[in-house]
Structures are given as structure tokens and as C-alpha cells.
1. Regarding residue 131, is this residue under 30 Å from residue 208 (Cα atoms) and either crowded, with 18+ Cβ neighbours inside 10 Å or out of contact with any strand residue (DSSP E or B) (no Cβ under 6 Å at 6 or more places or on another chain) (or both)?
2. Within region 161-189, how many residues turn out to be outside any helix (DSSP H, G or I) and over 17 Å from the mean Cα position of the chain (by Cα)?
3. What residue, among those in region 49-64 that are surrounded by fewer than 24 Cβ atoms within 10 Å (Cβ to Cβ) and at pLDDT 95 or above, is farthest from residue 225 (Cα to Cα)?
4. Looking at (1) at pLDDT below 95; (2) within 13 Å of residue 44 (Cβ to Cβ), can you tell me which one residue 243 breaks?
5. Could you tell me which residue of region 114-135 is nearest to the chain's Cα centre (by Cα), considering only residues that are part of a loop (DSSP other than H, G, I, E, B) and within 15 Å of residue 167 (Cα to Cα)?
6. Would region 101-113 turn up any residue that is in contact with a strand residue (DSSP E or B) (Cβ under 8 Å, 6 or more places away or on another chain), outside any loop (DSSP other than H, G, I, E, B), more than 21 Å from residue 89 (Cα to Cα) and modelled with pLDDT under 90?
7. Just to be sure before I move on: is residue 248 modelled with pLDDT under 95 and closer than 18 Å to residue 85 by Cβ in the structure I sent?
8. Would you check which residues across region 190-213 are part of a helix (DSSP H, G or I) and closer than 11 Å to residue 63 by Cβ and list them?
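The values are calculated or read from the model by the stated rules, or taken from the named source; none is laboratory data. Source: prediction; values computed, not measured. Backbone-built Cβ (ideal geometry, glycine too); neighbour counts: all protein chains shown.
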């Protein structure tokens, strides 16, 4: 018996559709009635879910000359969407010399409280993706988060070895760097990275320092994020005038910060004016994957 004879009607996404023509008409009407904001978000969803197949592991460095601007938040948000929407194998790594708070954003810590230091000490005996995953915290989205260990330092040589190792098991490696662009680890990461996510805030002093750093970066492989900013477009326009076409303004949002602090992050729970820039940021990174 053929499948067509066995199934009495059209099946879409696992659900029977009694009248395919009527269903298509309903979809067209809903699209016409959608607001510009809804259509824009739907386009971003399409971009993320149709991300191109990548040929090799990509390294994405999330950096800033200043601390406290939201690098960790951006690394987390990007990784979560690339894993959940683009279906990529993604790991976010705490690469701050003093070790930051990346692992604290995961709902549950890595098994046994393991860290990047533990992973580095046992690289030679790890052979499978399951072995590596035991050192990371796994999010519901599929993102793996590899946290640091307070008080333990990792050198640039160790970081380089770690990048080569993780590239065997992951398609995207996100590096959450510490403040500054000239530390040994930052220089290594910027040299090895396929693309850079540069994070700043709109305060004059931070923006002044960021502007000086941006003059030394390649606009073609850099996405600039203005975190905790108003959405009036002035900051974005200024960055575009400097040649940085890929710019994203993330507004300050108390709900987002509370979810991150409590380990209860949910993209769908964010209001659209916050949710859309988050998706735009991830889409910008996805578009540059090679």
C-alpha cells in the first residue's frame, strides 16, 4: 500500500490539514494582516533557521576594551540562538583571564562543577563529544557553556590548544574575552577568530575608548553591539558612518537581566523590542559563518 493511499489527507508539520488550499489562503491572509514588526521578526526567524551549512569550525570572539559592557550576555544570547534556531553545535567559552560569570548564566552547572581548567588538564584522554560535554553546562537550546575557575589562570598557548581541540567537536566556538584587546589571550583570539563581536555602551567615556579601538578593526568581519542603549538610531548611524554596517542596538531591559541572573532565560518571554535585536545580533553572526 502506498503512503498516499494510507494517509487520507495532507500532513504538514505532523498535523493533518483537511483543506490545503484553504490553509494556504489562511496563511496569506495572516501575512497580510501582520504588522511590520511581526513581518520583520518573521524574516529574522527565517534567516536564522536557514543559516548556511558551514564548511569548518568557526571561532567568534566577543570582545571590548572596557569591562562591564555586556560581553558575557552577548556571547550567551548569540550561542543560545545559533544552537536553538540554526541547529549548530555551539560552545561558549569563558576566556577571561580572571574568569567571568558566563557559567553562572546556565540553569545548571557543569557536572561535578568542572571548568575549562579541568578540560585542559585532561585533553589527552578525551576522545568523543560525550567526553567533552561532561565538562560543560548544557542549556535546553543545545548550547554548551564552558565556564572558568576562579583564581586559575589560562595562558595564550593553552587557549590556542583549547581552540584547536574544541574545533573537532563544535561548529561554532564563542570566546567570551575579558576586558581589553591587547592581552595575550585577546591578541590570540583576535588573530584566530573568523569574526568579532565588539561590545560597547552609549556612555561617552566608553564610546570614546571604543571608537579608538574600532579604528583598528576590520569592519568586514566585525559586528558592533551597542548594549543598554536607546533605540533612537543615533548610535547606529554614527557607527555606520565609520564603515561598520553590521551594528545592533540592544536596549536595556529589566526582565532580560532578571532572567539571566536567575538562570531562567527564555527568548519568547522577552518583549518584541528586545527580542528582535537579540535575533538580529545572532543573524548577523550566522550570516558571517564560513
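1. no
2. Let us first name the residues in region 161-189 that are outside any helix (DSSP H, G or I), namely 167-183.
Filter once more, keeping what is over 17 Å from the mean Cα position of the chain (by Cα): 168-169, 179-183.
Looking only at that region, the number is 7.
3. Looking at the filtered set, the residue picked out is 56.
4. (2)
5. 128
6. No: region 101-113 contains no residue that is in contact with a strand residue (DSSP E or B) (Cβ under 8 Å, 6 or more places away or on another chain), outside any loop (DSSP other than H, G, I, E, B), more than 21 Å from residue 89 (Cα to Cα) and modelled with pLDDT under 90.
7. Values: modelled with pLDDT under 95: yes; closer than 18 Å to residue 85 by Cβ: yes.
The answer is yes for residue 248.
8. Scanning region 190-213 gives 190, 210, 213.
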